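So the structure is just underneath, and the comments pick up after that.
The values are calculated or read from the model by the stated rules, or taken from the named source; none is laboratory data. Keep in mind it's a predicted model, so treat the numbers as computed, not measured. Here the Cβ positions follow ideal geometry from the backbone for every residue, glycine too, while neighbour counts run over all protein chains shown. Just so you know, the surface numbers come from the protein's heavy atoms only, side chains and all, with ligands and any DNA or RNA stripped out. Shrake-Rupley method; radii C 1.70, N 1.55, O 1.52, S 1.80 Å.
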Amino acid sequence: MGKTYKNKFNYNLNNNEGEAIASPNPAIKLSNITKSFGAVLANDNISINVSKGSIHGIVGENGAGKSTLMSILYGFYEADSGIIEIDGKQINIKNSSDAISAGIGMVHQHFMLIDTFSVLENIMLGAESGALINKSINDARAELSRLEKEYGLHVDPDSLISDIPVGEQQRVEILKALYRGANILILDEPTGVLTPQEADKLFYILKSLKNQGVSIILITHKLREIMDITDNVSVMRQGKMVAHRKTSDTNSMELAELMVGRKVRLDIDKSPAKLGKIMLSTNGLGVKDRHGTTRLDDINLTVHAGEIVGIAGVSGNGQSQLLEILSGISKPTTGSININGCEIDRNHSFNPEKMRQMRLNHVPEDRHKLGLVTAFDARDSIILGYQSDKKYNNNILQNYNNITDDCNEMMTDFDIRPHDPYLKSANFSGGNQQKIILAREMGKQPDILLVGQQTRGVDIGAIEFIHQQLISMRDAGCAILLISVELEEIMSLSDRILVMFDGRIVGEISPDDANAQKLGLMMAGENMDMAVPDIILNDNATQIEANI
């Protein structure tokens, strides 16, 4: 037996914790799966059993090896060694076609749908029943009707993907997998783009699928979801499987500690905000896109020094446009911005450099599109926007001694792994890429900080650190505008909450008065005078079923 570590839960972290729990009838059995990428051991001798007709959660920090393991199961990668068994039969999965043939389907975090195709066309694409398209369409329509009735996955087959809400798009992805014969489903961060009501509907669907015998693997950073929906949960850390638990025998605190190997505070401890002067405000801010469609409409908001103003909303309701205008990336069509007493409108010079000079920094929503140059070394990415500073630039050559020194310091302060200034930005995990951006934008101690989805794809340990940094900056007098689709994050971090829908601010609510159902209705543009139902997740889930 390996070394035992004691903690307040009185469980043991020893080398037997990662051994797969025996199941009398496993749908999936992975034995001693190992996968390396060069010198990096991504999966180290991993074993796991997933019981037939169960929902099995897999949790772990960024870079723990979860995605690699699921990519092996779905055929994106081949394991260096180890055995895969499906329904008791050993199989060799070399590609996704092998996985689909074995009854495995995967619903990705970012949907693999063609917006200009109908629901039916997306579902049958690549799985046509023959050379005659009309026969394939008729066959697909009949099969889709059967699947909808059997699993309660109702969606209009003739609707364009671009015309249906994101929750229905996710159902289409599930139907795609079932249409191809999947009886094993892998879901990667499935609620990241859903309202609370849509997430509740998804949970009902997953329970319905489970009751029909479908085996489900759920990858999520949201421990509440693990506790609400799974039967069993496995924990990975640094490429190893460190624990398996029956969900009813564990709790969020234990899982968090298993994930990061230390105690983690899941609650956010903050004192009341001490408001200073208004640092950021907008007056009638609006923008139309190149097609003339209104994306922002009459946005009026204020952010004081020493407060966090949170904006809740489903992705695609104008938050991205708001951040791009406030950070100087794009110009407004109407209205103005006031930054620490300086008013700017579309007639002024608008660019991120000007905003940085006014001590306004920006953590963008899309780290790859706006936050990093993935081909750059980490030390170059960590000074983006500051490369012209005298400390880093002598007007002829970059001062790479100073750049490397500062990169090393920020990597230490923000626990960026691996600690390698010369590693290409593309070779860091998503969570560590996010930390590079956070180190750059938060480490400069700005007066105003715009934050977009700062914990998207980030593990529980990093989330704890990021939240602490935001509260510390607020307490030091920074004015913070926070945009997140994570309602728990919005409610716990914010001093005031604004809700956006269809390019407008549709309401303001105190965190003390907010809950997921109220915010969810506002985010969906519903009348807040309507009664807010209490939705309880259970195997019958009749209240949810009526809304699907």
*Could you count how many residues in the stretch 439-450 are among the hydrophobic types (A, V, I, L, M, F, W, C), modelled with pLDDT under 95 and under 24 Å from Pro272 (Cα atoms)?*
1
*Determine the pairs where a residue that is at negative phi and of a type in the set (Lys, Arg), located within the stretch 275-286, has a partner that is open to solvent by less than 80 Å² (accessible area, probe 1.4 Å) and not in a strand (DSSP E or B) with Cβ atoms under 7 Å apart, the partner being 6 or more residues away or on another chain.*
Lys277/Ala305
*Only one of these conditions is not met by Leu185: (1) modelled with pLDDT under 85; (2) closer than 30 Å to Thr455 by Cβ. Which number is it?*
(1)
*Considering each residue of the stretch 376-388, count those that are open to solvent by less than 70 Å² (accessible area, probe 1.4 Å), more than 17 Å from Gly431 (Cβ to Cβ) and not acidic (Asp, Glu), and give that number.*
5
_For the stretch 308-340, give me each residue that is in a strand (DSSP E or B) and in contact with a helix residue (DSSP H, G or I) (Cβ under 7 Å, 6 or more places away or on another chain)._
Ile308, Gly310, Ile311, Ala312, Ile337
_Please go through the stretch 129-151 and give me each residue that is at pLDDT below 85 and of a type in the set (Ser, Thr, Tyr), ordered by number._
Ser129, Ser136, Tyr151
*Out of Ser234, Ser252, Ser281, sole residue that is at pLDDT 95 or above and in contact with a Leu (Cβ under 8 Å, 6 or more places away or on another chain)*: Ser281
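What number of residues in the stretch 501-522 are open to solvent by less than 10 Å² (accessible area, probe 1.4 Å) and out of contact with any strand residue (DSSP E or B) (no Cβ under 6 Å at 6 or more places or on another chain)?
Residues in the stretch 501-522 being open to solvent by less than 10 Å² (accessible area, probe 1.4 Å) and out of contact with any strand residue (DSSP E or B) (no Cβ under 6 Å at 6 or more places or on another chain): 1 in total.
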*Mind listing whichever residues of the stretch 66-88 are over 14 Å from Asp188 (Cβ atoms) and small (Gly, Ala, Ser)?*
Gly75, Ala79, Ser81, Gly82, Gly88
_Lys176 surrounded by fewer than 15 Cβ atoms within 10 Å (Cβ to Cβ) and under 30 Å from Asn25 (Cβ atoms)_ = no
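Looking at Ile164, Ile137, Ile133, Ile217, which is the one that is out of contact with any His (no Cβ under 6 Å at 6 or more places or on another chain) and open to solvent by less than 30 Å² (accessible area, probe 1.4 Å)?
Every option except Ile164 fails the conditions.
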*asked:* For the stretch 360-413: of the residues being basic (Lys, Arg) and at pLDDT below 90, which is nearest to Ile483 (Cα to Cα)?
replied: Arg367
*Members of the stretch 70-102 that are open to solvent by 50 Å² or more (accessible area, probe 1.4 Å) and either acidic (Asp, Glu) or touching a Ser or Thr at 6+ places or on another chain (Cβ under 8 Å) (or both)*: Phe76, Tyr77, Glu78, Asp80, Ser81, Ile83, Asp87, Asp98
*Take the residues of the stretch 181-197 that are assigned to a loop (DSSP other than H, G, I, E, B) and of a type outside the set (S, T, N, Q): which is surrounded by the fewest Cβ atoms within 10 Å (Cβ to Cβ)?*
Gly181
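Could you please find all residues in the stretch 89-127 being assigned to a loop (DSSP other than H, G, I, E, B), over 15 Å from Leu187 (Cα atoms) and touching a residue at least 12 places away in the same chain (Cβ under 8 Å)? If you could, list the steps in order and put the result at the bottom.
Taking the stretch 89-127 as the starting set, the residues that turn out to be assigned to a loop (DSSP other than H, G, I, E, B) are 92-95, 102-103, 108-117, 125-127.
Now narrow it down to the ones that are over 15 Å from Leu187 (Cα atoms): 92-95, 102, 113-117, 125-127.
Scanning the stretch 89-127 gives Ile93, Lys94, Asn95, Ala102, Leu113, Ile114, Asp115, Thr116, Phe117, Ala127.
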_So Leu384 ticks every box in (1) touching a helix residue (DSSP H, G or I) at 6+ places or on another chain (Cβ under 8 Å); (2) among the aliphatic types (A, V, I, L, M); (3) not in a loop (DSSP other than H, G, I, E, B) but one. Which box is left unticked?_
(3)
*Which condition number in (1) crowded, with 20+ Cβ neighbours inside 10 Å; (2) aliphatic (A, V, I, L, M); (3) under 22 Å from Leu296 (Cα atoms) is the one that Leu372 fails?*
(3)
*Filter the stretch 290-318 down to residues that are modelled with pLDDT of 90 or more and either buried (at least 23 other Cβ atoms within 10 Å of the Cβ) or under 25 Å from Gln469 (Cα atoms) (or both), then give me how many there are.*
14
*Could you tell me whether Ser67 is open to solvent by 20 Å² or more (accessible area, probe 1.4 Å) and modelled with pLDDT under 95?*
yes
_When you check Glu343 against the structure, is it modelled with pLDDT under 90 and either within 19 Å of Met500 (Cβ to Cβ) or assigned to a strand (DSSP E or B) (or both), yes or no?_
no
